[in-house]
Each structure stands twice: as C-alpha cells, then as structure tokens.
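The values are calculated or read from the model by the stated rules, or taken from the named source; none is laboratory data. Keep in mind that this is a model prediction, so the values were computed, not measured. Counting neighbours? That spans all protein chains shown, and the Cβs are built from the backbone with ideal geometry, glycine included.
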Amino acid sequence: MTVRFTKGHGTQNDFVLLADTRGDLDLTPERVRHLADRRSGVGADGVIRLAPTAAVARDGEGVADEVLAAEPDAIWFMDYRNADGTVAEMCGNGVRVFAAFAESLGLVDLDGGEELVLGTRGGVKRVVKEPGGWYAVDMGLWHLPGGADAAAAGADAAVRAAGWDAPRPGLSVDLGNPHTVVALARADELAALDLTTAPLVDPVPPHGTNVELVVPLGEEPAADGVGTVGRLRMRVHERGVGETRSCGTGACAAALAVRTWAAAGADDPAAVPTTWFVEVPGGEVRVRLLDGGHVELAGPAELVFSGELAL
Ligand SMILES: N[C@H](CCC[C@H](N)C(=O)O)C(=O)O
C-alpha cells in the first residue's frame, strides 16, 4: 500500500505524520521502523498517526475511552510511536507538530483563536497558538515517582553514562512517560558527553526511561520585567530512539527537576521561578508550572514537506 505522509519537527525532534482520519491504518512496528529509517524510509525520531479517538477506542485502547469520557471534544488522537517501533505514552514536541498538522488539514483554526483538544495515551492535552507563533501545550499533571523523599533527597536513581568512572544521582520525573534527570556542573562536560549508548540507570526502570543530562544556568529577569525566569541546557537520550536534538516531555522533566533541586535548597521555595527556558541542541522551548499541578510546554513546530511512500 502507498501512504501520504508529512514530515515535521519541533526544535529538530522530527516526525513522520500520517493522517488516518478514517482510523483504519494498521500501523505495525515494522511499518513504523520503515517510515523512521533514515536510509530506506523517510527518516524520523518518531511516527505520529492522527486518528479518530473513537477508532482508537474501538481498537481496544481503554485510554481512548477515558479521554472521550473526560473530554468529548477530543475527537482526534495522537498515536505516537518511537523510531524503534515501540509505543510511548506522550511526546511533547510531537503534540506541537500534531497541532500544526491538524491545522494544515483544516481540522482546527489555531490562528483564529481556537484551542485544539486531543487525546493521547497520556490523557487529554490542550494546545493554543501564541501571538509569536509558538504552540503552547497544557501537558497535564506531572509527578515524582519517588515522592517527597525523592524531592528532599534530590535523587532516587543512580545513572552512569559512557565514560563516567562512577554513577551520578538521578531524579525520576513522570510526564505520562518516564524520565530520569541528572545534573552536570559545566556546559563543556555536557557538550563532551558520549550519548551514543543509553546511560545505565539503577534501579532499572520497568518500562525503560528517557535520560536528560542538564546544566542549570541560573536565573534571569523575566521579559515582562516581573520577577525572574530560570534557564538550563540539556541533552537527552530518548527511550526507543537514542540521542535526539530535543525532547519536549524531557524539557519539562528537566525544568521540574532543576526547580525541585533549587526549591530544596532555597530559603523561600516559593521564590524559585515557575518559568524556565530550556536550551536543547535543536533550539529552545519554554516550560511553565501552571496551577493545579499542570505543566505547560511551549515552542515552535514546523511542517517541512509531504510525500508518498510504499508501506
Ligand atoms: N521517547 C519517548 C517518547 C518521545 C518523547 C519526546 N520526543 C518528546 O518530545 O516528548 C518515550 O519513549 O517516552
């Protein structure tokens, strides 16, 4: 069979997008790997199928029923797959590119002020477009799997990257998908890091994890002149992919970890910034803590080209 696809990216985390508006495309792991293959296929970090949430529910995914029960307006579902063919619960850069894709299909008018409400395996997500063209995603709830003890200790895992003579402390952060965040002291160490193999994480996360290596860069005056914002730089080794140029859920995890560490050592934790700019090799995104325990991710999304491919 031949499929039409669109290629897009968010801060160079790239995706092949398929408009399966009838919900009848059988996206097997083999097909995902073929589409994502940078030699024999289109090439991408992940594959995103836009499908009716009702069709995903019909196909037996209970989360789609939960999405529709919670938010009947979430008629479209982001079926995200990693390049290795595995399924992941969420993709933050992917949601922004999904929104741009939905716009291109005429399914939503974000420029006209509409909000896109969509389903994912990580629950309902909401996307609006900012005046400057960035897509802002309410990523929903986040949590530390290690709870208050992990927050106080600043770590609940030991992580060892290639070339390290000893493990370093890591903090697990859940964004619907799993993350383990490790602080480094210097930007040159981050730049020199060998991420050609997955860092070893102990205890071994039962469903794997995305590993973010971060360098906190301190605080700076907010653009509106009110208070300060935080800044950090990160690289990431993604579950099911390898090192990518950016990771949206990872940027959220990194900002939440750095804020947790800063708050643990602060005289006034409430004074720690709630907005963070995250520098990734593919660009920059913004992470903002929202009321109610939600976190927002904002950044660019671009559609690059479309084509056809035999599957
Ligand atoms: N590799 C991730 C999914 C993609 C996440 C990333 N591309 C993002 O933008 O959040 C996982 O297996 O959980």
Of the residues 223, 198, which is more than 10 Å from the ligand (Cβ to nearest atom), free of Cβ contacts under 8 Å to residues at least 12 places away in the same chain and of a type in the set (A, V, I, L, M)?
223
Matching residues, the range 79-110, being hydrophobic (A, V, I, L, M, F, W, C) and either within 11 Å of the ligand (Cβ to nearest atom) or in a helix (DSSP H, G or I) (or both):
83, 87, 88, 90, 91, 95, 97, 98, 99, 100, 101, 102
Count of residues meeting criterion [of a type in the set (Val, Ile, Thr) and within 16 Å of the chain's Cα centre (by Cα)] in the range 218-254:
4
For the range 26-43, name all the residues that are crowded, with 19+ Cβ neighbours inside 10 Å and in a loop (DSSP other than H, G, I, E, B).
27, 41, 42
Answer yes if at least one residue in the range 112-130 is touching a Pro at 6+ places or on another chain (Cβ under 8 Å), within 16 Å of the ligand (Cβ to nearest atom), among the basic types (Lys, Arg) and at pLDDT 95 or above, and no otherwise.
no
Scan the range 26-57 for residues that are away from the ligand (no atom under 15 Å from the Cβ), charged (D, E, K, R) and within 17 Å of residue 86 (Cβ to Cβ) and jot them down.
26, 30, 31, 37
For the range 256-273, check the following and say yes or no: at least one residue is within 14 Å of the ligand (Cβ to nearest atom), charged (D, E, K, R), out of contact with any Ser or Thr (no Cβ under 6 Å at 6 or more places or on another chain) and free of Cβ contacts under 8 Å to residues at least 60 places away in the same chain.
no
Hey, could you check the range 5-25 for residues that are touching a Leu at 6+ places or on another chain (Cβ under 8 Å) and outside any loop (DSSP other than H, G, I, E, B) and say which is farthest from the ligand (Cβ to nearest atom)?
19
Kindly indicate whether any position in the range 219-236 is outside any strand (DSSP E or B) and buried (at least 19 other Cβ atoms within 10 Å of the Cβ).
no
Please state which one of 162, 136 is closer than 20 Å to residue 10 by Cα and either within 16 Å of the ligand (Cβ to nearest atom) or touching a strand residue (DSSP E or B) at 6+ places or on another chain (Cβ under 6 Å) (or both).
136
Across the range 44-78, which residue is surrounded by the most Cβ atoms within 10 Å (Cβ to Cβ) among those that are over 20 Å from the mean Cα position of the chain (by Cα) and either part of a strand (DSSP E or B) or among the basic types (Lys, Arg) (or both)?
52
